[in-house]
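For reference, the structure discussed in these notes is given below.
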Amino acid sequence: MSDVLELAAVSVVRGAKTLLNKVDWQVKEGERWVILGPNGAGKTTLLQIAAARLHPTSGVAGILEEILGSVDVFELRPRIGLSSAALANQIPGHETVLNVVVTAAYGVTGRWREGYEKADERRAFRLLNDWGMGPFLNRAFASLSEGERKRVQIARALMTDPELLLLDEPAAGLDLGGREDLVHRLSELAGDESAPAIVLVTHHLEEVPPGFTHAMLLRDSNVVAAGPLAGVLTAEHLSKTFGVELDVTVNAGRYTATARR
Ligand SMILES: Nc1ncnc2c1ncn2[C@@H]1O[C@H](COP(=O)(O)OP(=O)(O)OP(=O)(O)O)[C@@H](O)[C@H]1O
Ligand SMILES: [Mg+2]
């Protein structure tokens, strides 16, 4: 299996603040990672590096067997699907659902040939159907519920058939039903052998989809633990990460954490 991500001693420093401190991390093809940690731990910063949208201050970031800093990021970025609040905020509210997804392809193909646009539209349509958004193609993005928007964003992230899928808090703002629906869909995606390597950022242990294989815990810009899921998501590691004494239970592949009294 080849490396999808290979980070060696990656640090990000802004002024006096260290956002990431000497992070080592390897993600291989077929792996499904979850990254957990409190607010400000550095999760989004790490995802920005993995998305080739931010360069390390020091250390080496290998992404899809290219070294960040010695590769044209505009060739690398279409190979990476990203869904994040920052990207969603850039989507014009009047844009139709189909357009939100199909435009993700233009970075690759350009708007230069009608044939490509039709093929792109068919792919966007299929992805939206897969994510339960088939009936919403012509709706304005701004008119969607939060849960519907999240599913459109994931369909968009998958549009370029990426080799790496990065999801920054895809369940934020969802109600219980919406969260459960998304966790189920992500679990199905995790089980799909043709799906890209996946990295999912969340605050909540309950949002870890069954079938995910690896986890990283971040606290104050440092990695607390990283590796195969079951060995990382322990009460000891999670208590240290969140600074609260936690009990952790696992039931049918779903994790729950509660404060110890
Ligand atoms: N340009 C900057 N200058 C100084 N500090 C910054 C800068 N950008 C981000 N930070 C800080 O770096 C820390 C890590 O930010 P990051 O967004 O990676 O955290 P996070 O783990 O994603 O948090 P959250 O769970 O709230 O999304 C935060 O404390 C943030 O305020
Ligand atoms: Mg964040």
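Only the coordinates and a few stated rules stand behind these numbers; no lab work does. Just so you know, these numbers come straight off a predicted model, no measurement behind them. Positions of Cβ are generated from backbone atoms using ideal geometry, with glycine treated the same way; all protein chains shown enter the neighbour counts.
Couple of notes before you dig in:
- Of Arg32, Arg149, Arg122, the residue with the greatest mean-square motion in the GNM of the chain, using alpha carbon springs below 10 Å, is Arg122.
- Between Asp24 and Ala142, the modelled labels are 5.0 nm apart [label points 7 Å from Cα along Cα→Cβ].
- Using a cutoff of 8 angstrom between alpha carbon atoms and counting only pairs six or more residues apart, the relative contact order for the chain works out to 24 percent.
- Of the beta bridges in the chain, as assigned by DSSP with both residues counted there, near 60 percent are antiparallel.
- Here the extension length gained between Ser70 and Ala230 equals 54.0 nm, from 0.36 nm per residue of separation less the Cα-Cα distance.
- At most 15 other Cβ within 10 Å, DSSP loop - GluC sites (Glu not before Pro), region 172-261: Glu193, Glu245
- Two-site FRET efficiency, Val13 against Leu87, from Cβ-Cβ distance with R₀ of 35 Å, rounded to 0.05: 0.90
- Rounded Å value of the spacing that divides the Cα centres of region 36-50 and region 183-261: 14 Å
- A full extension of the chain between Ala195 and Arg122 corresponds to an added length of 24.4 nm, given 0.36 nm per residue minus the alpha carbon distance.
- For the chain, the mean projected area of the C-alpha convex hull, equal to one quarter of the hull surface, is 14.7 nm².
- With bins 5 Å wide beginning at 0, the percent of Cα pairs of region 107-261 falling in each bin runs 2, 8, 15, 19, 18, 14, 9, 7, 5, 2, 1, 0, 0.
- Comparing Leu176, Leu165, Leu76 in a Gaussian network model of the chain (Cα springs below 10 Å), the most mobile by mean-square fluctuation is Leu176.
- Of Gln90, Gln48, Gln26, the residue with the greatest mean-square motion in the GNM of the chain, using alpha carbon springs below 10 Å, is Gln90.
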